[in-house]
């Protein structure tokens, strides 16, 4: 046996390191499930607590025996080994009792599983489409029907790359105005699907997680019972920026929700770009820079150099300096079997702006593209 | 390890009087590797002990390679923000860390044990197919090279996770193809090795060594070999379909062509769950040798251990979709896989109860192998319990793809399989090398490994519960403290493993000569019927067991 002194020394060293690490971090320690904001999340908390109690009791019992044997049945204390083995009664008992405990436990769990799967009779249905690396939301049924927006990471690259201090909701914030608003107490059904690879829509406080599978539609639901802002992240590895596609749900009162729906619809009408408008080059570049920052910068980088070979440079590239049609098609349709997906969900003005930005930034000087030209190439 | 000149002057237990020293030719002309010396001895060897040694050194090398990647991952996760690696490279590290540790480190380690121990434990002269055995091993370095080389191809190694889910795999560069071929070769190696193990065990046991008298380590490997033969072709199928989806226009996993991305997950986990037991069962086997030896008492329920192992193996084929509760399967599917998963706790419990009952009223001593076995027992059970927590569908839906799962499977894979491998190494090292290892250093290795392991992984349970997804290179600020502790633990754990290397090298170079049976309570054939160190060829005449 190693001397107890050296054991203690190692233990103290480990504690000191742990304490040093704990002091270095500013935030309080989180070590349990997030506070529940729906009945389902509360059920999950309860189940987790029951199973933990069960597990801890068995663990302490079994290892109580083990440590007692380690203490009392040591050779160094002169204990002589008994030679007993095989005892049918004992063996049957320790097979049957755990089985009975499990069956008893399975019953309450089964009820929750069935309830969790029942997404019927929803008040509001929202479709969440995972796209590398953002969420596209469409309110397709219930109050707010027709609202449609794309939600991208709101944390600036400067914070991620340690050039600026990190904000309170670092990586858990979306672009302002792209939170998913829902009214309190209403059953909200979430349909998930994906445009490219598998993603997963997850909001821990609401007690749901559902994979978003390209080509298929799955559903899940929640009924929030506390007003507040709830934050989650994509939970299924979806490529390079997997860690950077947050989900923010704002649970509000019915009045606030109705007001939001009204404002949102008015804003959508007002913000609709007129695709027949002709823009000047500087205006397009200025608008395009914003579109680029929201959609393109993660792969092609702010300096346009990309991270080849997976994410090619735009600076000096054949497509970004060649024929306009090729460039428009690439942005509209993407390139099959690569991370370059279709951006056809952007409107004609946005696409024209971002293309113009790309053709007139860094060392590129290839003229402007007007919204009408994009419209002409849409199929 | 066996290349050491013998320092003993033992009487050989079974009456051969030819020189058994390594580096000499034997008097009837079957020297090492058909008479070659140097490197050619190792390339051409058909001797189960040489091949076992090769497997173990290969495994240790890959353990170091995968370990460096793990430390790179923990380095990036030390602080929020991106400091060292871009997210792409980070994903490549997590993917390759997983593949290399599972296929390059843990599985070959136990095949190494099987090669060394099975013939000696059942009284056979060697493995049944000696040349096939050589080939099973020498496939591995090629597969490992492909995996490592993929980092240097355009686009780098695949960043898809070790599970290689479709359709993300379609977006990857050439590194993905190298990985697919590596998996094919690894699978071939495993299948050939398993056929060899099954044949050896079923046909080459000494007279009197009935199936129900075999040491439990041999039993667990017999069952594991069947699992491998059944599961590896399924994985080969999954990656082959990925390959044709990538290059030949098939759409197995693409809905646009009538396929389904979830199909990949079903196929992968139909392999993947038995794979968990392919790793765990031989670990159970090692523990079932070590605990009785240091308790000086027979295993409590030999027969029930055999039945429990078989039950686990069979049930392991019907629980795969518990890895996929969030894909949106029907409620009946969720319930079926939940019940089946809970059931597997019963035979696993039987094993744990048996080990504890074996210790009960024994005469215990705590040499390094026993310490690692106890570490295994305690922490593997903890990992088993978090597995039970994860089997509960609603709880799993909250914890799926979080650090809770990362903590869970590292308790099973590291504190389970790796601790068991360490227990086995310290247990059999005297037999293999003829020398005793340094007990004090061995204990240091155990305690450092135990403490740093828990520092890395225990806190990850908290991270997962609080909502940190796995496979992310950067994280929200509330997770910082636990990540810092985990990272410090990881660096300590990695460095502590160099101590193992030192202990083994020191043992080979300058260990004290070991007696035939250094462990008082050990009772299988390699201790009772063979001298230490074991002659290059053993049991040329079969022992007869009464």
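Bear in mind these aren't lab numbers, they're just calculated from the coordinates by the rules spelled out. Quantities reported herein were computed from a predicted structural model and do not represent experimental measurements. Heads up, the Cβs are rebuilt from the backbone with ideal geometry, glycines too, and the neighbour counts pull from every protein chain shown.
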Exercise. If you take the beta carbon distance between residue B:142 and residue A:269 as r and set R0 to 41 Å, what does 1/(1 + (r/R0)^6) give as a FRET efficiency, to the nearest 0.05?
Worked result: 0.05
For this session: Decide, for segment A:240-379, between rounded, prolate and oblate: order the square roots of the alpha carbon gyration tensor eigenvalues as a ≥ b ≥ c, take rounded if a/c falls under 1.5, and otherwise choose prolate if a/b is larger than b/c, else oblate.
Result: oblate
Exercise. Under the classification rounded if a/c is under 1.5, otherwise prolate if a/b is larger than b/c and oblate if not, where does segment A:229-306 fall, given a ≥ b ≥ c as square roots of the Cα gyration tensor eigenvalues?
Worked result: oblate
Exercise. Quick one: Cα centre-to-centre distance for segment B:453-482 and segment A:27-94, in angstrom?
Worked result: 24 Å
Exercise. For all pairs of alpha-carbon atoms in segment A:160-227, what percent lies in each bin of width 10 Å, listed from the first bin to the last filled one?
Worked result: 17, 36, 34, 13, 0
Exercise. Where the convex hull is taken over the Cα atoms of segment B:91-154, what is its projected area averaged over directions, in nm²?
Worked result: 4.9 nm²
Problem set entry | Projected-area average for segment B:357-406 over all orientations - Cα convex hull basis, square nanometres | 4.6 nm²
Exercise. Taking only the alpha carbons of the protein assembly as shown, what extent do you get along each of the three principal axes, in Å, biggest first?
Worked result: 100, 58, 51
Seminar exercise, completed: Rounded to a whole number, the mean other protein chain Cβ count within 10 angstrom for residues of B:291-298 is 3
For this session: For every helix of n ≥ 4 consecutive DSSP H residues, a contribution of -39,500 (n - 2.57) applies; sum these over chain B, divide by its total residues, and give [θ] at 222 nm rounded to the nearest 500 deg cm²/dmol.
Result: -21500 deg cm²/dmol
For this session: Note down, for segment A:170-318, the three equivalent ellipsoid semi-axes (square root of 5 times each alpha carbon gyration tensor eigenvalue), biggest first, whole angstrom.
Result: 32, 23, 13
Exercise. Could you state the number of Å between the C-alpha centres of segment B:187-244 and segment B:359-405?
Worked result: 25 Å
For this session: Using only the alpha carbons, work out the radius of gyration and Dmax of segment B:424-543 in angstrom.
Result: 20.9, 67
Seminar exercise, completed: Here the equivalent ellipsoid of segment B:23-173, derived from its Cα gyration tensor, has semi-axes (largest first, whole Å) of 39, 15, 14
Exercise. Residues of A:85-96, mean number of Cβ from any other protein chain within 10 Å of their own Cβ, rounded to a whole number?
Worked result: 5
For this session: Could you work out how far the C-alpha centroid of segment B:66-93 sits from that of segment B:258-273, in angstrom?
Result: 28 Å
Exercise. Any idea what the relative contact order of chain B is, in percent, if you count C-alpha pairs under 8 Å spaced at least 6 apart?
Worked result: 19 percent
Problem set entry | Taking A:281, B:374, A:47 and counting other C-beta atoms within 10 Å, the order from fewest to most | A:281, A:47, B:374
Problem set entry | DSSP bridge orientation in chain A - percent antiparallel, rounded to nearest 5 | 70 percent
Seminar exercise, completed: For segment B:59-126 the translational diffusion coefficient, Stokes-Einstein from a Kirkwood Rh over Cα pairs at 25 °C and viscosity 0.890 mPa s, in µm²/s, is roughly 178 µm²/s
Problem set entry | Sequence of A:70, A:299, A:234 once ranked by neighbouring C-beta atoms within 10 Å, starting from the fewest | A:70, A:299, A:234
Exercise. In segment A:112-263, what percentage of the DSSP-assigned beta bridges are antiparallel, given to the nearest 5?
Worked result: 70 percent
Seminar exercise, completed: Under the helix-only model (-39500 (n - 2.57) for each DSSP H run of 4 or more, divided by the residues of chain A), the mean residue ellipticity at 222 nm, to 500 deg cm²/dmol, is -13500 deg cm²/dmol
Exercise. Can you pull the semi-axes for segment B:282-422, root of five times each eigenvalue of the Cα gyration tensor, sorted largest first, whole Å?
Worked result: 31, 16, 10
Seminar exercise, completed: Over segment A:35-174, the quotient of the Cα radius of gyration and 2.2 N^0.38 Å is 1.88
Exercise. If you average the sequence gap of Cα pairs under 8 Å that are 6 or more apart and divide by the length of segment B:216-368, what percent do you get for the contact order?
Worked result: 29 percent
Exercise. Can you pull the three principal axis extents for the Cα set of segment B:234-313, in Å, largest first?
Worked result: 63, 19, 12
For this session: Determine the principal axes of the Cα atoms in chain B, then give the extent along each, sorted from largest to smallest and rounded to whole angstroms.
Result: 70, 52, 45
Exercise. Using the Cα gyration tensor of segment B:344-496, with a ≥ b ≥ c the square roots of its eigenvalues, what is the shape: rounded (a/c below 1.5), prolate (a/b larger than b/c) or oblate (neither)?
Worked result: oblate
For this session: For segment A:103-201, state what percent of all Cα-Cα pairs lands in each successive 5 Å bin, counting from 0 Å until the bin that includes the largest distance.
Result: 3, 11, 15, 16, 16, 13, 10, 8, 5, 2, 0
Exercise. Any idea what diffusion coefficient chain A gets from Stokes-Einstein, in µm²/s, Kirkwood Rh on alpha carbon pairs, 20 °C, 1.002 mPa s?
Worked result: 85 µm²/s
Seminar exercise, completed: Taking segment B:145-230, the whole-percent share of alpha-carbon pairs separated by over 20 angstrom is 52 percent
Exercise. For the residue pair residue B:256 and residue B:520, what label-to-label distance in nm results when each label sits 7 Å from Cα along the Cα-to-beta-carbon direction?
Worked result: 7.1 nm
Seminar exercise, completed: Going from the fewest other Cβ atoms within 10 Å to the most, one would list A:276, B:391 as A:276, B:391
Exercise. Given a cut-off of under 8 Å on Cα pairs at least six residues apart, what relative contact order in percent is computed for chain A?
Worked result: 13 percent
